[in-house]
Amino acid sequence: MRPQNLLHRPLTTQKCTLGCPILDRCVGGGIPCNSITELVAESASGKTQFCLQLSLYAQLPTSHGGLSASSLYLHTEFPFPLRRLRQLSATFRNSNSALLANNDHNPCDHIFVQSVHSVDQLLDEMPKIESFIKNSKSRLPIRLIVIDSIAALFRSDFENTPGDLKKRSSLFFKISGKLKAMAVGFGLAVLVTNQVVDLIEPNEGINGLRIGNLGCLYSSGRRVCPALGLAWANCVNSRLFLLRNEEFVSEENGTVNGGGEDFVCRRARRRLCVVFAPHLPDSSCEFEITREGVFGVER
């Protein structure tokens, strides 16, 4: 019996659309349920934009790529971007009013927001989250959890000592174990964001190990790697990377080069890349962030 290439077999679990066919095509149809997907990028690359848009599109019926579901959004750093959510919500509602079960509702009402400021608080919230999902009276059941971002919880509480690193790794597996159990038990899609750190080692990957499709990652002209190291990489099922680079554009004719006096405008070019996922091949696509949302670009 010949072994089968799992990449040639579609993932049968349900997925949640990212709200754009180009983006969905890049990630095999959307963010999968029953697992943890990580979105890694430097600041201002679009991580939160993806999270907000996914939380809205989860409300679409399953026949149109959604989960017919509400979302639980855990934010760990800055004040929750409510103004941006309302802006995206207006576009989402106008574009999908015919698909929503009750188009007089506010899509923001189906995104439950909770601030989390420490690892201990997150662990304390886990039983409450499970109870909330199980007993929610929301018209749409909760089937998406977003944590934005996981790295912020570990940034200041731990030092780079063997004891703290061991404790930190133990907490990684404890948190991811609880998230995976809820994902499988309730059919949830779980999306967590992670930050990057500059990589100055000469070897590929993290501590010399190549992880996934990309031996090393670059963003804004710098070599970077996902924060939290190899232990956390083993806690997620899929890892996506958003790279961001700036280019100089001529105001007169829109041409691009590496810089110069005549090229006074700068614009960011962004790309979504699959680093690793059990159901996806190596793939990537360019995307842009507009007032209306996040959209893939075909060039």
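How big is the antiparallel share of DSSP beta bridges in the stretch 38-179, given as a percent to the nearest 5?
Antiparallel bridges make up about 0 percent of those DSSP assigns within the stretch 38-179.
Which whole-Hz couplings ³J(HN,Hα) result when phi for each residue of the stretch 232-245 is put into the Karplus expression 6.51 cos²θ - 1.76 cosθ + 1.60, θ = phi - 60°, listed in order with x for Gly and Pro?
5, 4, 7, 9, 10, 7, 9, 10, 10, 10, 9, 9, 9, 9
Taking θ = phi - 60°, what integer Hz values does the Karplus form 6.51 cos²θ - 1.76 cosθ + 1.60 yield along the stretch 37-49, in sequence order, with x for Gly and Pro?
10, 10, 10, 10, 5, 6, 4, 6, 8, x, 4, 5, 4
In nm, to one decimal, how far is the T13 label point from the K166 one, both placed 7 Å along Cα→Cβ?
About 3.2 nm, to one decimal.
Distance in nm between label sites at R25 and E292, each 7 Å beyond Cα in the beta-carbon direction?
1.8 nm
Among the listed pairs K134/K178; K134/K166; K15/K180; K47/K174; K128/K180; K47/K137, give every one whose C-alpha distance is greater than 21 Å.
Table pairs above 21 Å Cα-Cα are K134/K166; K47/K174; K47/K137.
To the nearest 0.05, what FRET efficiency results for F186 and H105 with a Förster distance of 25 Å applied to their C-beta separation?
Working from the Cβ atoms, E equals 0.65.
Where does each of 38-47, 112-121 land if you order them by average Cβ count within 10 Å, highest first?
38-47, 112-121
Bear in mind that the values in this text are calculations on the coordinates, not laboratory data. Small disclaimer: the values here were computed from a predicted structure and weren't measured. Heads up, the Cβs are rebuilt from the backbone with ideal geometry, glycines too, and the neighbour counts pull from every protein chain shown.
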